[in-house]
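Trainee: Let me begin by handing over the structure; questions about it come next.
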Amino acid sequence: MLYTLSSCIDPSNYLECVRYDFASNGWSKEATLRRKIPETELCGFVSLNGELHVLKSAKLPAETLHPRRQLKKRLALEFQVYNPLARKWRVFTTYPPVSVPIDFRTAALCTVEL
C-alpha cells in the first residue's frame, strides 16, 4: 500500500490520508486528520514503524514562575500519528532541540536503524 496526504479545495476541510491499492489500481480514503492544518502552514509526512506521522510546527505557551507575567510562546512540534492496523490516531506535542521553526519544504524525515 502507498499512503499520502490529500487536501480538498475547500479550506475548511481537514487533510485526509489516502491509500493507493496497487492490486485494484485505485485510491481510497483511509482517515481524516484529527487536528486541522491550515493551508498556509507546511507539514511533514513520514512512515515510521508501520505508523503514519504528520508533523507540524506549533507555538505553545511557555511555563513561567510569575503568574502575573504574560505567557510567551515556545516553539513546539505537533505529531499526529495514525496506525493503519488499529485505525486510530494519537496526538502529542514535543519541544524540538532547535529554536527556529522547521522548514518542512527542505527537511528530511526518515528512519535510521543501527
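The values are calculated or read from the model by the stated rules, or taken from the named source; none is laboratory data. No experiment lies behind these values; they were computed from the predicted model shown. Here the Cβ is made from the backbone with ideal geometry for all residues, glycine too, and neighbour counts use every protein chain on show.
Trainee: I need every pair where a residue in region 72-87 that is within 17 Å of VAL46 (Cβ to Cβ) and touching a residue at least 12 places away in the same chain (Cβ under 8 Å) has its Cβ under 7 Å from the Cβ of a residue that is loosely packed, with under 13 Cβ neighbours inside 10 Å and aromatic (Phe, Trp, Tyr), sequence separation at least 6 or different chains.
Mentor: PHE79/PHE92
Trainee: Now for a different question. Can you go through THR106, THR111 and tell me which one is at pLDDT below 75, under 18 Å from TYR3 (Cα atoms), in a loop (DSSP other than H, G, I, E, B) and among the β-branched types (Val, Ile, Thr)?
Mentor: Working: THR106 fails: under 18 Å from TYR3 (Cα atoms).
On inspection, the qualifying residue turns out to be THR111.
Trainee: Search region 91-102 for residues that are in contact (Cβ under 8 Å) with a residue 24 or more places away in the chain and pair each with any residue that is in a loop (DSSP other than H, G, I, E, B) when their beta-carbon atoms are under 6 Å apart and the residues are at least 6 apart or on different chains.
Mentor: VAL91/ARG34
Trainee: Then there's this: Return yes or no: is PRO61 of a type outside the set (S, T, N, Q), surrounded by fewer than 13 Cβ atoms within 10 Å (Cβ to Cβ) and modelled with pLDDT of 70 or more? Give the steps one after another, and end with the answer.
Mentor: Numbers: of a type outside the set (S, T, N, Q): yes; surrounded by fewer than 13 Cβ atoms within 10 Å (Cβ to Cβ): yes; modelled with pLDDT of 70 or more: no.
In short, no.
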